[in-house]
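Right, one structure below, let's go through it.
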Amino acid sequence: MAQTSLGMHGQLRVRTPEQRQQVLDAARTMLDKGPGTDLVWREDIYWSDMQPAEGGAYDWTIPDAVVAAAADAGFRSWIVLSHPPAWATAPGGAADKGWPCPPYPDLVTAGGHSALAAYTAFCGAAAARYSRGGVFWNTYDGNPRPATHFEVWNEEYAWIGSMRWNGTTAVPGYSDPEAYAAIFNAAAPAISASLFATPVAALCDQTWNSIPVGGQYLSVFLDELSVPLPAVSIHPYTEGYVSASTAPPSTVDRWKYFTQVQTVRKRLVDEGYGTARIWVTEIGWPGAPSGFLTEQQQAARYQDLWQVVQQLGYVRGLFLFTSTNPDFPDNPALPGYQVNNVETWYGLWLTGTDARDLGIPK
């Protein structure tokens, strides 16, 4: 049975140093299973933070602080390479820090250059800085915990991850596995140029955001792949918030359940990519005072999940979502609280007096 790394996907970037320590310490206490536990923290590095001006030098201030905080708390960082600057999303792109658009191969920057070439350079620079032997660790005053995995974008296959630009208006777009394969084909070698850095593809088996609905995302991606595939990140959230052990009947879409993990594994093996490591980098259930699941049901889902992962034996890492969600806190006294919004209730802790504080654990 393969060792399973444990971690969490969180938002350290938006938190103060004190809040980061609070979140990391609480997560370590919850996840640490004793000597030998491999703790990993999944965090987005915002390209927009690092290179706000086209052609400008990289500013490592924010990611350096996040990676250092994780290492201080005993976590390796799992780095997601996303959130482009406005200049890289096409002329007229809104200057926000969300997605608005992946660096599709035909996308031209505000300066008339290839967005994909600029993104590839960003990926390579991040891997060179934070992987083993990277320059960041030469100045870090502590126990180095180099990042080993660098994820190329996040959920391109989901509607928010595949936003397209139409003039100056962001509109939901369909998933594009051919384009994502082209992005990965370009970015993966730049990451692998750092000897101890592993590129990760963010994939799913099928997706609702395709024509036709339920399109074969993974099969199309693999058909277009032209570089090695060492690791795969998947997010097997379950329809209806059922447990990971729920085995849906063959008459329903199994890709909407945790069974997609087994399906992805089988497809990778059948297509000759059996050595690709599978990491579940986001999974969770909403636990609310009323509606969705109760906190007790939420806890039971996680206990069931751990048993299922151990039985499978090939899931290399398991990252929970999430500590709290600063964008949608579950404290009704705070801005952003939406009682009927499922994103409000995924936290494993209640929100404190500030949207970025941890309250009591569920």
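The values are calculated or read from the model by the stated rules, or taken from the named source; none is laboratory data. A quick note: this is a predicted structure, and the numbers were derived from the prediction, not measured. All Cβ positions, even for glycine, are placed from backbone atoms using ideal geometry, and neighbour counts span all protein chains on display. In case anyone asks, the SASA skips ligands and DNA or RNA and just uses the protein heavy atoms, side chains included. Shrake-Rupley method; radii C 1.70, N 1.55, O 1.52, S 1.80 Å.
Give me the Kirkwood hydrodynamic radius of region 212-302, using the inverse of the mean 1/r over all pairs of distinct Cα atoms, in Å to one decimal.
Values: mean 1/r = 0.0676 Å⁻¹.
So the Kirkwood estimate lands at 14.8 Å.
Relative intensity of region 1-71 on a log10 scale, I(q)/I(0) at q = 0.20, 0.22 Å⁻¹, equals -0.85, -0.95, per a Debye sum over C-alpha point scatterers of equal strength in the absence of solvent.
Along its three principal directions, the equivalent ellipsoid of region 27-145 from the Cα gyration tensor extends over semi-axes of 31, 15, 11 Å, largest first. The distance separating the Cα centre of region 218-285 from that of region 295-362 comes to 22 Å. Solvent-accessible surface (1.4 Å probe) assigned to CYS204 amounts to roughly 10 Å². Extent along the principal axes, Cα only, for the chain: 54, 50, 42 Å, with the longest axis given first.
Per DSSP H run of n ≥ 4, the term is -39500 (n - 2.57); total these for the chain, divide by its residue number, and report the mean residue ellipticity at 222 nm rounded to 500 deg cm²/dmol. Before the final figure, lay out the partial values.
Details: 9 runs with 105 residues, N = 362.
That comes out to -9000 deg cm²/dmol.
For ILE360, ILE183, write out the residues from largest to smallest accessible area, computed with a 1.4 angstrom probe and no ligands counted. Kindly include the intermediate steps, with their values, before the conclusion.
Working: ILE360 110, ILE183 0 Å².
Reading off the accessible areas and sorting them downward yields ILE360, ILE183.
Taking the DSSP bridge list for the chain and keeping only pairs wholly inside it, about 20 percent are antiparallel.
The 1.4 Å probe gives accessible areas that order HIS113, HIS235, largest first, as HIS113, HIS235. Rounded to the nearest 20 debye, the dipole magnitude of the chain is 700 debye, with +1 charges on Lys and Arg beta carbons, -1 on Asp and Glu beta carbons, and the Cα centre as origin. For region 141-241, the fraction of C-alpha pairs farther apart than 25 angstrom is 28 percent.
May I ask you to compute the full-extension gain from ALA121 to ASP270, defined as 0.36 nm times their residue separation minus their alpha-carbon distance, rounded to one decimal in nm? Write out the running numbers ahead of the final one.
Numbers: separation 149, 0.36 × 149 = 53.64 nm, distance 3.28 nm.
Length gained between ALA121 and ASP270: 50.4 nm.
List the chymotrypsin sites (Phe, Trp or Tyr not before Pro) within region 19-84 that DSSP assigns to loop and that have no more than 16 neighbouring Cβ atoms inside 10 Å. Let's see the in-between values first.
Details: sites: TRP41, TYR46, TRP47, TYR58, TRP60, PHE75, TRP78; in loops: TYR58, TRP60, PHE75.
Those that pass, being in a loop and sparsely packed, are TYR58.
Ordering ASP25, ASP270 by accessible surface, largest first, gives ASP270, ASP25; the 1.4 Å probe counts only protein heavy atoms, with every chain in place.
Share of the chain's accessible area from carbon and sulfur, percent, 1.4 Å?
Details: 7950 of 14790 Å².
Answer for the chain is 54 percent, counting heavy atoms of protein chains only.
With the cut-off at under 14 Å, measuring from each backbone N in region 65-85 to a point 7 Å along the Cα-to-Cβ line of ASN143 picks out 70-77.
With protein chains left intact and a 1.4 Å probe, residues in region 249-362 average 46 Å² of accessible area per residue. Available extension along the chain between VAL213 and ILE360 is 48.9 nm, counting 0.36 nm per residue and deducting the alpha carbon span.
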